[in-house]
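Notes to accompany the following structure.
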Amino acid sequence: MTKAVNSRSATAETGHHRDLSWPEPPEALPGAVIDNHAHLDFSDGEGSHGIEEHVAWADRVGVRGIITIGCDLPSARWTAEVMRGEHVAEEHRAFVRERLRGGCSIHPNDAVNHVVTGKGRSGEELCSLDEAIAEISELLDTPGMVTVGETGLDWFRTSKKKPEKRDAQIQSFRMHIALAKEKGLPMQIHDRDAHRDVLDVLDAEGAPERTVFHCFSGDAEFAREALERGAYLSFSGTSTFKNAAYLREALAVTPLNRIMVETDAPFLTPEPYRGRPNSSYLIPHTMRVIAEAKGVSLEEACAGVLATEREVYGFAGAEG
C-alpha cells in the first residue's frame, strides 16, 4: 500500500478536534467524471488508506479518474514515483495506472520559503527557487504527468506588510507560467484572496493556452473576467457550503464546457460532511450542485464536465 508523505492535521483551524470518520459513500453518478485536483500525498481519517483504496472508492461511484497534485519538492517527487508505478502493489498497478495522473509545482506559500527564508516547514534547508523549478521541470517529463500546478498567489497567508514574500510568489507564478508554455501543459492556478493580482500577472505574462482556476473562489463577476481570458473554472466542495451562494452564482454564469470538478482532497469536504476527511468518492455531492446551478440533469452535467476535462488534460479516466 502506498504510503503518503504528508498528513492533514486532526485539529481544525478553529482549534477543535475534527471528526476523522469517513463519510458514507453517496449514490453513484449516472455518468463518469474525473477529480481533476486532489492531494493523494496526504493521509487523513481513520485507518490507513493508500492510493489503491482511494482510487477504488472513487471508481465505484463513477469518478473514473483522479489527478493527484504534488506542490512541494518531496510531494512532487512522490507523485512522479507513483506515476512510474512505484509504491503501488504489482497486482493493483494496471488498475491505478488507468485511473490516475499527476501534476506538480512549487506552491505559492512554499515559493516564499525557497526565496525568503531558505527553510522548509520543518526547518530543513531549501534550495533556491531556480533550482526547485528546474527539478519540477524534470519531474513533469515523467509519463503520466499532465499539468503544471498548483501555482498562483495566496494573499491569505502573506499580508501586504510582507512585500518581499509577495514578490517571491509573483516571481514563482511567472516561472510556472513560462514552464507550462514550454511543456505545452495546462496550468492549475491557486488563487486565495488575490483575484485582481492573479489576473494582472496573467495579463502581463500571457496565460498558457489551457489555464484552470483550481478550487474557484470568486463570484460571478470574477468568473466572467476569468472566462473572458479563456480560463476553465474548477469547482470543489466549497460550492456546496451553505455560505457560498456566490460560488453557485459563479457556476450559473459559467458555460458547461468551461466547468470542471475536483475535491482538493483531503481538504474542503462537501456538505453535509464539512470538516471530515475528503476523498474523490465524495465528488457526487459537488456534481449535484453543479447540475442544479446549471439547470441541467445530473447525467448532462457529468457528460459536459467529463468532455471538458478530457479536452484540457487529454485524460478522462478508465473506460466503461
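The values are calculated or read from the model by the stated rules, or taken from the named source; none is laboratory data. Remember, predicted model here, so these are calculated numbers, not experimental data. Note that we place each Cβ from the backbone using ideal geometry, even for glycine, and neighbour counts take in every protein chain shown. For accessibility, only protein heavy atoms count, side chains too; no ligands or nucleic acids. Shrake-Rupley method; radii C 1.70, N 1.55, O 1.52, S 1.80 Å.
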**OP:** Using only the Cα atoms of region 120-264, construct the convex hull and provide its projected area averaged over every direction, in square nanometres to one decimal.
**Re:** 9.9
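Using 0.36 nm per residue of separation minus the Cα-Cα distance, give me the extension gain between THR11 and VAL253 in nm, one decimal. List each step's numbers first, then the result.
Working: separation 242, 0.36 × 242 = 87.12 nm, distance 3.60 nm.
Taking THR11 through VAL253 to full extension adds about 83.5 nm, to one decimal.
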Subject >> 17 Å reach of a label modelled at GLU46, 7 Å along Cα-to-Cβ, counting backbone N of region 1-26 >> reply: 10-11, 17-26
Subject >> Base-10 log of normalised Debye intensity for region 35-183 (one unit scatterer per alpha-carbon) at q = 0.10, 0.14, 0.19, 0.21 Å⁻¹ >> reply: -0.38, -0.70, -1.11, -1.24
Subject >> For region 21-52 and region 284-307, distance of Cα centres in Å >> reply: 19
Original post:
Carbon and sulfur together cover what percent of the accessible area of the chain at a 1.4 Å probe radius?
Top reply: 48
Original post:
Modelled label-to-label distance, GLU292 and GLU311, 7 Å Cα→beta-carbon offset: nm?
Top reply: 2.6
Original post:
How far, in nm, would the chain grow between GLU228 and GLU299 when pulled straight, counting 0.36 nm per residue and subtracting the alpha carbon separation?
Top reply: 22.8 nm
Subject >> Among the listed pairs LYS242/LYS294; LYS3/LYS119; LYS119/LYS162, those beyond 20 Å (Cα-Cα) >> reply: LYS3/LYS119
Subject >> the chain, helix-only ellipticity at 222 nm - DSSP H runs n ≥ 4, -39,500 (n - 2.57), divided by all residues, nearest 500 >> reply: -11500 deg cm²/dmol
Original post:
So how far apart, in nm, are the two label points at GLU205 and LYS160 if each is 7 Å from Cα heading toward Cβ?
Top reply: 2.3
**OP:** State the antiparallel share, in %, of DSSP beta bridges confined to the chain, rounding to the nearest 5.
**Re:** 5
**OP:** Write out the trypsin sites (Lys or Arg not before Pro) in region 235-288 meeting two conditions: DSSP loop, and at most 10 other Cβ atoms within 10 Å of their Cβ.
**Re:** LYS242
Subject >> FRET efficiency for LEU20 and THR117, using Cβ-Cβ distance with R0 set to 22 Å, rounded to 0.05 >> reply: 0.10
Original post:
What whole-number value in Å² describes the accessible area per residue of the chain for a 1.4 Å probe?
Top reply: 42
Original post:
Using the Kirkwood formula over every pair of different C-alpha atoms, what hydrodynamic radius in Å results for the chain?
Top reply: 19.5
Original post:
Taking springs between alpha-carbon atoms closer than 10 angstrom, which of ASP35, ASP110, ASP141 fluctuates most in the Gaussian network model of the chain?
Top reply: ASP141
**OP:** Whole number please: convex hull volume per residue, Cα atoms of region 152-219, in Å³.
**Re:** 81
Subject >> Normalised alpha carbon radius of gyration of region 197-320 [divisor 2.2 N^0.38 Å] >> reply: 1.03
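Taking the Kirkwood radius as the inverse of the mean 1/r across Cα pairs, report the Rg/Rh of region 73-126.
Rg/Rh: 1.15.
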Original post:
Which of the GluC sites (Glu not before Pro) across region 56-142 are loop residues per DSSP, with 14 or fewer other Cβ within 10 Å?
Top reply: GLU86, GLU124
Original post:
What size of dipole, in debye to the nearest 20, comes out for region 19-112 about its Cα centre when the only charges are +1 on Lys and Arg C-beta atoms and -1 on Asp and Glu C-beta atoms?
Top reply: 480
